[in-house]
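**Student:** Supplied in structure tokens, the structure appears directly below.
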Amino acid sequence: MLHTVNKSPWQTPNLDACLAHLGNERLLLIEDGVYAAVARSDAAGKLEAPARDGRVYALGPDLEARGIDTAQLAEGIEVVDYSGFVQLVAEHGPHQAWL
Amino acid sequence: MSEAMDLEQEGDIKRFMFVNRKAPHGSIYALEALEVVLIAAAFDQDVSLAFLDDGVFQLRQDQNAKAIDMKNFAPTFRALEDYDVEKLYVERESLAERGLTEDELIVPVEVVDRARMGALMAEQDVVLSF
């Protein structure tokens, strides 16, 4: 299945709640959720295991809006555009949004 | 606003601090705070801005909110100088937790530690929180 997180990891515990339920499923970071993907942040370490498996994605337009260059992302995190978001939902549904 | 107008007439300049703790595009807080800062500056008050917690993200360089069809307001921080708003305090610990450095910010700021930030808040006449 596909999980999405749209809040900053410093603002809410939603990323932690999601990761506790992620298992071997996929995670897409959107909106303020993308801040967790910055390699030098103290949140990126939480994503290390699923990112290593290629199961963590970040939405490109939300990165661009926030001034985050893809070169700053933690290793293994894949950037997708809006059609990539749709494809993830279509291929890996159901979708759980951790709002 | 009528209170602020009275203050000006009395020549009584108060210290206003705007405390920014939210990331810029996930909610309207950051943009609204900036609007109020510009209003306060127009009344010749002693205005300072504090950026802590996720508020530090507001000052990040190279933001392009057009990518998500939002108003790209970060460049407005560069215009604050023209309104004599020159006191921008950024919390050191908040930057470090988020993997940000001072040289990645869009404007020159004064980086202060948590203790100093708390002391700056305590020195104000009015603190407005966003």
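**Student:** Can you name the condition, by its number, that B:SER27 falls short on among (1) touching a residue at least 40 places away in the same chain (Cβ under 8 Å); (2) facing chain A (nearest Cβ under 10 Å); (3) under 16 Å from the mean Cα position of the chain (by Cα)?
**Tutor:** (1)
**Student:** So, one more: Please determine, by comparing only the residues of segment B:101-110 that are free of Cβ contacts under 8 Å to residues at least 40 places away in the same chain and away from chain A (no Cβ under 14 Å), which one is farthest from B:ARG60 (Cα to Cα).
**Tutor:** B:GLU110
**Student:** Do we find that A:GLU64 is touching a His at 6+ places or on another chain (Cβ under 8 Å), at pLDDT 95 or above, surrounded by 20 or more Cβ atoms within 10 Å (Cβ to Cβ) and within 13 Å of chain B (Cβ to nearest Cβ) in this structure?
**Tutor:** Against the criterion (touching a His at 6+ places or on another chain (Cβ under 8 Å), at pLDDT 95 or above, surrounded by 20 or more Cβ atoms within 10 Å (Cβ to Cβ) and within 13 Å of chain B (Cβ to nearest Cβ)), A:GLU64 does not qualify.
**Student:** Let me ask something additional. When you check A:ALA74 against the structure, is it more than 18 Å from B:LEU105 (Cα to Cα) and more than 9 Å from chain B (Cβ to nearest Cβ), yes or no?
**Tutor:** yes
**Student:** Follow-up question, since we're still on this one. Spot the failing condition for A:ASP42; the list is (1) modelled with pLDDT of 95 or more; (2) among the acidic types (Asp, Glu); (3) more than 10 Å from the chain's Cα centre (by Cα), and only one is missed.
**Tutor:** Every listed condition holds for A:ASP42 apart from (1).
**Student:** Let me ask something else about it. Within segment A:42-51, can one find any residue that is outside any helix (DSSP H, G or I), more than 22 Å from B:ARG60 (Cβ to Cβ) and not small (Gly, Ala, Ser)?
**Tutor:** no
**Student:** Another question, then. Any chance segment A:5-25 includes a residue that's within 12 Å of chain B (Cβ to nearest Cβ), of a type in the set (D, E, K, R) and in contact (Cβ under 8 Å) with a residue 60 or more places away in the chain?
**Tutor:** yes
**Student:** Another question about this same structure. Run B:GLU123 past the list (1) within 14 Å of chain A (Cβ to nearest Cβ); (2) surrounded by fewer than 19 Cβ atoms within 10 Å (Cβ to Cβ) and report the number of the one that doesn't hold.
**Tutor:** Among (1) within 14 Å of chain A (Cβ to nearest Cβ); (2) surrounded by fewer than 19 Cβ atoms within 10 Å (Cβ to Cβ), B:GLU123 violates only (1).
**Student:** When the residues of segment B:64-100 are filtered to those that are surrounded by fewer than 19 Cβ atoms within 10 Å (Cβ to Cβ) and of a type in the set (Ser, Thr, Tyr), which remaining residue is nearest to the other protein chains (Cβ to nearest Cβ)?
**Tutor:** Among residues in segment B:64-100 that are surrounded by fewer than 19 Cβ atoms within 10 Å (Cβ to Cβ) and of a type in the set (Ser, Thr, Tyr), the one nearest to the other protein chains (Cβ to nearest Cβ) is B:THR76.
**Student:** In segment B:40-63, what count of residues is obtained for those that are farther than 18 Å from B:ILE13 by Cα and more than 12 Å from every other protein chain (Cβ to nearest Cβ)?
**Tutor:** 2
The values are calculated or read from the model by the stated rules, or taken from the named source; none is laboratory data. Remember, predicted model here, so these are calculated numbers, not experimental data. Counting neighbours? That spans all protein chains shown, and the Cβs are built from the backbone with ideal geometry, glycine included.
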